[in-house]
Amino acid sequence: MDKPVKDILICGGGLAAWITAAALSRALPDEVSLTVLDIPDTDKFDMLYGTVTAPAAYGFFLEIGLSEPDLLRLTHTAFSFGTHYMQWGSPSRSWVQCHHLPFPARDNVPFVHYFTGRTDARLEDFLVSAQAGLRGVFAHPPEQARIPLSRAEYGYLFSPIELCNALKSVVSSRNITVKAHEIRCVRTNETGIFGIETADEKNLQADLFIDCSGPDAKLLTALNTAFTPEREVRASWQCLPSAPPWPPLRNVHGSDRGWTAGTSVRGQKITFQISDTDSEHHKSGRNILFGKREKAWVGNCVATGHAASVIDPVSPAPMMLLQRDVERLLGLIPLSEDMTVEAREYNRRFESDFEHANLFNQALYAIDDAPDTPFWQQAQSRGDKLRRKISQFENRGIPVAFDMESFNEEDWSILHFGMGRKIKNRNFFAELADTRDIDSNLAKLKQSIAQTVLKMPPHHVYISKLIAYLERKNVGRA
Amino acid sequence: MGIQHICILGGGTAGWMTAAALSHKLQKSGISIGLVESEQIGTVGVGEATLPHIRYFNRALGINEAEFMKATNATFKLGIEFCDWGRVGDSYIHPFGDFGKPVRNIEFYHYWNRLRLSGHDVGLDEYSYAVMAAEHGKFHLPDSDTKKIESTFSYAYQFDSSLYADFLRAFAEHRGVKRTEGRVIEVQQDNATGHITRLKLDSGEYIAGDLFIDCSGFRGLLIEQKLSAGYEDWSEWLPCNRAIAVPCEASGKPLPYTRATARKVGWQWRIPLQHRTGNGYVYCSEFVSDDVARETLLGSLEGNILAEPNRLYFKTGRRKKFWDKNVVAVGLSAGFLEPLESTSIHLIQEGITALVELFPNGHANDLDMEEYNLRMELQFERVRDFLLLHYVATQRDDSDMWRYFRNMSLPDSLRSKIEAWLSRGLVPAYERGVFLPPSWIAVFTGQNLLPRGYDPRANLLSRSRISDMAHILRRTVRETISRAPDHSDFIRSYGAAIPELVSGSP
Ligand SMILES: Cc1cc2nc3c(=O)[nH]c(=O)nc-3n(C[C@H](O)[C@H](O)[C@H](O)COP(=O)(O)OP(=O)(O)OC[C@H]3O[C@@H](n4cnc5c(N)ncnc54)[C@H](O)[C@@H]3O)c2cc1C
């Protein structure tokens, strides 16, 4: 009775399409045929995936067949200890939103409480990834727990266009059919899509259609799936050659009208700018709507990437969501034409992943005295969950976490501190702890971090040596 | 000035667990802790089976495991055996452990489902170290080397709850907790704030406090009788509302697991301790009379009874506010979910953990309360859905009660979970909540809800490879268990045996 899923058609030619293709090609047995309909120009918004990933990308890329050596060999990707936010919402607000393993706790006192009510110590002075990032040095965090650098985590600084090309070359070694055409029309009936007519008048059929056509979501739109907009901005970007040093951090400068991000990959600097939609001021840009589809899986059609949601690249949220979309899909490859269960579960988790990633972005804009300009005012948004996160932090430094968040507790603590949020009531146990003891521990920690960072090589030197080593050892594909 | 004096009302498991934990955590704080209990009122005197999390509770207090076990006549617990739940005559063990290990990032049970759907008829439980060890009456501590099959389980205890309360009482009193014997006859409030100020005892003595922990059991003397926090009634989903409990002499060696046998109306527990066996029958008064319930219980015991049967009345649900004003409800006063999965002590522990984490420096405020309440609400709800699963994942329809469950409309969250499992062996997971996917899988498969499909990624390996892999796993489990010590021997060699067990008399 059940007709198994034998043909999958991925519609789109940008990063979402190729990441999805790479992942599916590894996860599915050969009996399932995979076709990519490489629609020209669908990558034109790929820069909105941002130019940074969180640490989770390492394992994810590996799983979809792109090892770190391959990534370095095929692209100009560099390492990232996080994002340096500068003049964020006010001239004096700056911090490094670094990646870090769980903070040390002593005597029941969570680490963040050492900083409550103090003006002489800042959290980021005690985070090795922040300090290394600021000094422009990098080395892979070692396994040995005793070394301070082992607490650091890293993601990547990358160009979405290059990443997409790298994935194409990785995937092409597998049996995937690629067709490059425009979509002329999407044929639908009450159960979903029954064919896609391309510009060369072919009618492509499949058991499962994956919409990777970018923000237009050509397939979902044909199925009348509404887009829920959140706000509109104007964005522009450019790439220019650049010489070392390349900081292992993305820089994001705030201004009254928006922000500008600078990402140094090897040999290039990608500049990305976002402002309000007043085009007089930001002529080169195009208007972008942030928001999500009401549903990301309808009938036999599922969307990944921008076709499902477009989220502000102010944080690594876009890449996190793309990764989540793909992972969610991998666990829900339908077994038959009846995809009700898969669609329901995909949509449930999509909803919650988007909501939770978006909370982090909203928290970045949640400044009580944010500039009184259209950009900052439109970015204000505080639902119940965000209110709970912020008010609990401010009340007693309590971390509020929801199920399966992409941003972890450390990300949130660093964010709150970086934004200058103050914990009003000191933690009960911190009050009991011996201050001299804490002070001496903090001093030791700071010193050992300083020493570690001094010994680390500049980021670009580390990468050149690493690449030379990989070439010598012939690691990665020939 | 903040909290200076904490008053715990109640000396049952909840009261003494709270007293022990707070006296330990607040050691250097200068806060004094008092506990009031009434021997005349007594405790519920049941609650003998636990979840593995209790080990972290004990460990955090620095309690020596063998000493604690000896003091409470405890045995080790690897899981719960459910008899007659799917169909009369069935049985399965819900273990504290995994079913095999993931292969290429895909959980083992997907491979098992693939094998099963193509004719392989070995139960999933044969791939679980915890289940097999339990069935063979074996026990040892989990191996710390996670590569070994002997590391793939966890364990809890079965103990005498009044002895546990005594044990914790000694611990707490040693750390300065002041115990007062007496019955509370009046509760006084501050007119302006409604906060509780002091309790009047039948002796005429007053006990004052800044923060009150209501561990007074079902009655919720402070949280409900005084503050009217409200009760969310869940009997529509879990209609059992009575129990009768009785200890009896043990026959044979103590087993390293609890048993829960489904009956026509309700279910019966059997909890083996070192010196005796705890028994009880949980039922629904709408479908069976107290006398019949009593006969059912007494007629199915393995040994002579050691005490008069104890009757208990309850209503499933939870307090609408667990923390209100200056009162935090912990234990039965916070809510009740039937002991099918031994969750009550765990919920006590969750309550204490949340209280310690949110412990106010200065006075508590609305935000502290709000956070505490939201966390506990989620814990209770998630346990409820899992309990309900046992009643609805069944083919039984041999009584009004089972037919009631057949016709019930389920909470959406539970219904979609069951559908996801049946259609493709998927278990939507959450992070916050006690029962992780292996628990759901144990109940689903144990109660004959078997999926029609499996994750297609399990097709990446050939059937014969999977079959070999499964075969080796099963053999490893079997062989390793054959070398593992017997449960009672282990208790003895661990130094946790009481004299009766040492001499081998039970
Ligand atoms: C049938 C049944 C089986 C159970 N099985 C399990 C199980 O296997 N595993 C598990 O984890 N949990 C189980 N539980 C739950 C478990 O028994 C309770 O969670 C646990 O015992 C805690 O109870 P308590 O301390 O809140 O209340 P109680 O034991 O009722 O204690 C109440 C205390 O308050 C005092 N008190 C009350 N009123 C006054 C007053 N006016 N003045 C002074 N003192 C007063 C009493 O003296 C007593 O000390 C079971 C419960 C039931 C009903």
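The values are calculated or read from the model by the stated rules, or taken from the named source; none is laboratory data. Every value quoted in this text rests on a predicted model; they were computed, and no experiment measured them. Cβ sites come from the backbone with ideal geometry, for glycine too, and all protein chains shown count toward neighbours. Side chains included, ligands, DNA and RNA excluded: accessible areas come from the protein's heavy atoms. Shrake-Rupley method; radii C 1.70, N 1.55, O 1.52, S 1.80 Å.
Could you tell me which numbered condition residue B:454 fails, if it satisfies all but one of (1) aromatic (Phe, Trp, Tyr); (2) more than 22 Å from residue B:382 (Cα to Cα); (3) part of a helix (DSSP H, G or I)?
Single failed check for residue B:454: (3).
Of the residues that make up the stretch A:167-177, is at least one buried (at least 17 other Cβ atoms within 10 Å of the Cβ) and either of a type in the set (Gly, Ala, Ser) or part of a loop (DSSP other than H, G, I, E, B) (or both)? Outline the logic, then answer.
Just the residues of the stretch A:167-177 that are buried (at least 17 other Cβ atoms within 10 Å of the Cβ), to begin with: A:167-168, A:170-171, A:176.
After this cut, where a residue has to be either of a type in the set (Gly, Ala, Ser) or part of a loop (DSSP other than H, G, I, E, B) (or both) as well, the list is none.
Taking every residue of the stretch A:167-177 in turn, none turns out to be buried (at least 17 other Cβ atoms within 10 Å of the Cβ) and either of a type in the set (Gly, Ala, Ser) or part of a loop (DSSP other than H, G, I, E, B) (or both).
Filter the stretch B:22-41 down to the residues that are within 27 Å of the chain's Cα centre (by Cα) and among the charged types (D, E, K, R), then identify the one that is farthest from the ligand (Cβ to nearest atom).
This residue is B:25.
The rows are residues; the columns are (1) open to solvent by 20 Å² or more (accessible area, probe 1.4 Å); (2) at pLDDT below 95; (3) in contact with a strand residue (DSSP E or B) (Cβ under 8 Å, 6 or more places away or on another chain); (4) not assigned by TED's automatic domain parsing to the domain that holds residue B:284.
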{"site": "B:379", "(1), (2), (3), (4)": "yes, no, no, yes"}
{"site": "B:392", "(1), (2), (3), (4)": "yes, no, no, no"}
{"site": "B:396", "(1), (2), (3), (4)": "no, no, yes, no"}
{"site": "B:407", "(1), (2), (3), (4)": "yes, yes, no, no"}
{"site": "B:420", "(1), (2), (3), (4)": "no, no, no, no"}
{"site": "B:429", "(1), (2), (3), (4)": "yes, yes, no, no"}
{"site": "B:448", "(1), (2), (3), (4)": "yes, no, no, no"}
{"site": "B:451", "(1), (2), (3), (4)": "no, no, no, no"}
{"site": "B:457", "(1), (2), (3), (4)": "yes, yes, yes, no"}
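Listed here are the residues, each with its yes/no results for (1) of a type in the set (Asp, Glu); (2) outside the structural domain of residue B:257 (by TED's automatic domain parsing); (3) out of contact with any strand residue (DSSP E or B) (no Cβ under 9 Å at 6 or more places or on another chain); (4) buried (at least 20 other Cβ atoms within 10 Å of the Cβ).
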residue	(1), (2), (3), (4)
B:283	no, no, no, yes
B:296	no, no, no, no
B:305	no, no, no, no
B:323	no, yes, no, yes
B:342	no, yes, no, yes
B:348	no, yes, yes, yes
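Among the listed residues B:186, B:173, identify the single one that is assigned to a helix (DSSP H, G or I), within 16 Å of the ligand (Cβ to nearest atom) and touching a strand residue (DSSP E or B) at 6+ places or on another chain (Cβ under 7 Å).
After ruling out the rest, the residue left standing is B:173.
Please pick out the residue among B:410, B:414 that is more than 12 Å from chain A (Cβ to nearest Cβ), among the aliphatic types (A, V, I, L, M) and assigned to a loop (DSSP other than H, G, I, E, B).
One residue alone meets the criteria, B:410.
For the stretch A:275-318, name all the residues that are within 16 Å of the chain's Cα centre (by Cα), surrounded by fewer than 20 Cβ atoms within 10 Å (Cβ to Cβ) and part of a loop (DSSP other than H, G, I, E, B).
none
Scanning the stretch A:68-108 for residues that are farther than 30 Å from residue A:258 by Cα and open to solvent by less than 20 Å² (accessible area, probe 1.4 Å), which turns out farthest from the other protein chains (Cβ to nearest Cβ)?
First, pick out the residues of the stretch A:68-108 that are farther than 30 Å from residue A:258 by Cα: A:68-74, A:101-108.
Still in the running and open to solvent by less than 20 Å² (accessible area, probe 1.4 Å): A:70-72.
Details: A:70: 19, A:71: 20, A:72: 24 Å.
For the stretch A:68-108, the residue satisfying everything is A:72.
May I ask you to verify whether residue B:333 is of a type in the set (Ser, Thr, Tyr), more than 14 Å from chain A (Cβ to nearest Cβ) and in contact (Cβ under 8 Å) with a residue 12 or more places away in the chain?
yes
Can you tell which of B:338, B:357, B:302 is within 23 Å of the chain's Cα centre (by Cα), of a type in the set (Asp, Glu) and either within 15 Å of the ligand (Cβ to nearest atom) or more than 14 Å from every other protein chain (Cβ to nearest Cβ) (or both)?
Result: B:338 is the single residue among B:338, B:357, B:302 that is within 23 Å of the chain's Cα centre (by Cα), of a type in the set (Asp, Glu) and either within 15 Å of the ligand (Cβ to nearest atom) or more than 14 Å from every other protein chain (Cβ to nearest Cβ) (or both).
Looking at B:88, B:44, B:122 in this structure, which one is closer than 30 Å to residue B:308 by Cβ and either away from chain A (no Cβ under 14 Å) or within 16 Å of the ligand (Cβ to nearest atom) (or both)? Write out each step before concluding.
Numbers: B:88 fails: closer than 30 Å to residue B:308 by Cβ; B:122 fails: closer than 30 Å to residue B:308 by Cβ.
On inspection, the qualifying residue turns out to be B:44.
Mind listing just one residue for me: the one in the stretch B:420-440 that is over 16 Å from residue B:457 (Cβ atoms) and touching a His at 6+ places or on another chain (Cβ under 7 Å) and, of those, nearest to the other protein chains (Cβ to nearest Cβ)?
My answer is B:434.
List the residue pairs whose Cβ atoms are under 6 Å apart, where the first residue sits in the stretch B:281-307 and is within 15 Å of residue B:250 (Cβ to Cβ), the second is assigned to a loop (DSSP other than H, G, I, E, B) and open to solvent by 70 Å² or more (accessible area, probe 1.4 Å), and the two are 6 or more positions apart or on different chains.
B:303/B:249; B:304/B:249
Against the condition open to solvent by 10 Å² or more (accessible area, probe 1.4 Å), more than 27 Å from residue B:78 (Cβ to Cβ) and touching a strand residue (DSSP E or B) at 6+ places or on another chain (Cβ under 6 Å), how does residue B:38 come out, does it pass? Even if it seems obvious, please write down each step before you answer.
On the way: open to solvent by 10 Å² or more (accessible area, probe 1.4 Å): yes; more than 27 Å from residue B:78 (Cβ to Cβ): yes; touching a strand residue (DSSP E or B) at 6+ places or on another chain (Cβ under 6 Å): no.
Here the answer is no, as residue B:38 does not meet what is asked.
Yes or no, residue by residue, for (1) touching a Gly at 6+ places or on another chain (Cβ under 6 Å); (2) under 23 Å from residue A:322 (Cα atoms); (3) part of a loop (DSSP other than H, G, I, E, B); (4) open to solvent by less than 30 Å² (accessible area, probe 1.4 Å):
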{"site": "A:209", "(1), (2), (3), (4)": "no, yes, no, yes"}
{"site": "A:215", "(1), (2), (3), (4)": "no, yes, no, no"}
{"site": "A:232", "(1), (2), (3), (4)": "no, yes, no, no"}
{"site": "A:237", "(1), (2), (3), (4)": "no, yes, no, no"}
{"site": "A:244", "(1), (2), (3), (4)": "no, no, yes, no"}
{"site": "A:247", "(1), (2), (3), (4)": "yes, no, yes, no"}
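Can you tell which of A:399, A:334, A:374 is open to solvent by 10 Å² or more (accessible area, probe 1.4 Å) and within 12 Å of chain B (Cβ to nearest Cβ)?
From the options A:399, A:334, A:374, the qualifying one is A:399.
Just the residues that are among the aromatic types (Phe, Trp, Tyr), part of a helix (DSSP H, G or I) and within 19 Å of residue B:3 (Cβ to Cβ), please, taken from the stretch B:358-383.
If the condition is that a residue be among the aromatic types (Phe, Trp, Tyr), part of a helix (DSSP H, G or I) and within 19 Å of residue B:3 (Cβ to Cβ), then B:372 is the only one that fits.
Quick one: residue A:416 ticks every box in (1) more than 30 Å from residue A:70 (Cα to Cα); (2) modelled with pLDDT of 95 or more; (3) within 14 Å of chain B (Cβ to nearest Cβ) bar one, so which box is it?
Checking residue A:416 against (1) more than 30 Å from residue A:70 (Cα to Cα); (2) modelled with pLDDT of 95 or more; (3) within 14 Å of chain B (Cβ to nearest Cβ), the one that fails is (3).
Within the bounds of the stretch B:200-208, is there any residue that is of a type in the set (Asp, Glu), open to solvent by 20 Å² or more (accessible area, probe 1.4 Å) and either within 15 Å of the ligand (Cβ to nearest atom) or within 30 Å of residue B:490 (Cα to Cα) (or both)?
Within the stretch B:200-208, one or more residues are of a type in the set (Asp, Glu), open to solvent by 20 Å² or more (accessible area, probe 1.4 Å) and either within 15 Å of the ligand (Cβ to nearest atom) or within 30 Å of residue B:490 (Cα to Cα) (or both).
Name the residues in the stretch A:422-437 that are closer than 30 Å to residue B:370 by Cβ and within 14 Å of chain B (Cβ to nearest Cβ), would you?
Of everything in the stretch A:422-437, those that are closer than 30 Å to residue B:370 by Cβ and within 14 Å of chain B (Cβ to nearest Cβ) turn out to be A:423, A:424, A:425, A:426, A:427, A:428, A:429, A:430, A:431, A:432, A:433.
Check residue A:33 against each of (1) surrounded by fewer than 24 Cβ atoms within 10 Å (Cβ to Cβ); (2) under 30 Å from residue A:148 (Cα atoms) and name the one condition it does not meet.
The single condition residue A:33 does not satisfy is (2).
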